[in-house]
Each structure stands twice: as C-alpha cells, then as structure tokens.
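Peer 1: The structure follows.
The values are calculated or read from the model by the stated rules, or taken from the named source; none is laboratory data. Here the structure is a predicted model, which is why all the values come from computation and not from measurement. Using ideal geometry, Cβ is built from the backbone for each residue, glycine included, and neighbour counts are taken over all protein chains shown. Surface areas here come from the heavy atoms of the whole protein model, side chains and all, with no ligands, DNA or RNA. Shrake-Rupley method; radii C 1.70, N 1.55, O 1.52, S 1.80 Å.
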Amino acid sequence: MDKEVITKIESDDTSSVEIKVLLFARARELAGVPDLTLKMPSGSTTQKCMDELVLKFPSLEEVRSCVVLALNEEYTTDSAIVQHRDELAIIPPISGG
C-alpha cells in the first residue's frame, strides 16, 4: 500500500511545473508583489499562466491585453509552453520621457 502512495506522489510531481513570475511596472503595482512562484499543469502555455495570474490577482485584467511576455529573458508568444523552473516576465507598456 505504501508503494502505491509513493507512485501517486511521484506522478503528481511530473504532471505539474513551477515557474517564477516577474511582474514589472503597472502589473507589479496591481498585483502588489514583484515576483511569485506559480504552479501549473505540465504543458501549460504562457497564456494559461496569464489566465491563472488574473484569477489570483483580478486587477491584472487592466493590463492583460497590452502586456508583453518574456520567457527566460526572451520575448515570447502566449502559445509558448512553460517548463519547470522557467522564468516568465509580465511587462506592461512603460511610458516616460
């Protein structure tokens, strides 16, 4: 019986990934945190990660349509698949002079 429990725990670990999310500018202000760890199912896209972030921080809906995403320090699309320990940056437009 103990062996079955261990197998189940191991398979749960492989079915999800943890990524680090960095929030910048207005996204950081809206969420109230500069970064966080997000646990997502394996095979999740950056768009699914953004969906989850908006669920956790509904105020992020304000910038959702205009953010740029970067995965591991490279700009990416919302269809990119995240891997365990990836770093996803949420970058809203920045104005200034």
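Peer 1: Name the residues in segment 26-38 that are within 11 Å of the chain's Cα centre (by Cα) and farther than 20 Å from S79 by Cβ, would you?
Peer 2: Restricting attention to segment 26-38, the residues satisfying the condition of being within 11 Å of the chain's Cα centre (by Cα) are 35-38.
Correct list: D35, L36, T37.
Peer 1: Further, regarding this structure: Being under 15 Å from E29 (Cα atoms) and in a strand (DSSP E or B) is the filter here, so list the residues in segment 59-94 that pass it.
Peer 2: A89, I90, I91
Peer 1: Filter segment 41-58 for residues that are of a type outside the set (K, R) and part of a helix (DSSP H, G or I) and give the result.
Peer 2: T46, Q47, C49, M50, D51, E52, L53, V54, L55, P58, listed by residue number.
Peer 1: Let me ask something additional. Looking only at segment 79-95, count how many residues are farther than 13 Å from E18 by Cα and open to solvent by 80 Å² or more (accessible area, probe 1.4 Å).
Peer 2: Total satisfying the criteria: 4.
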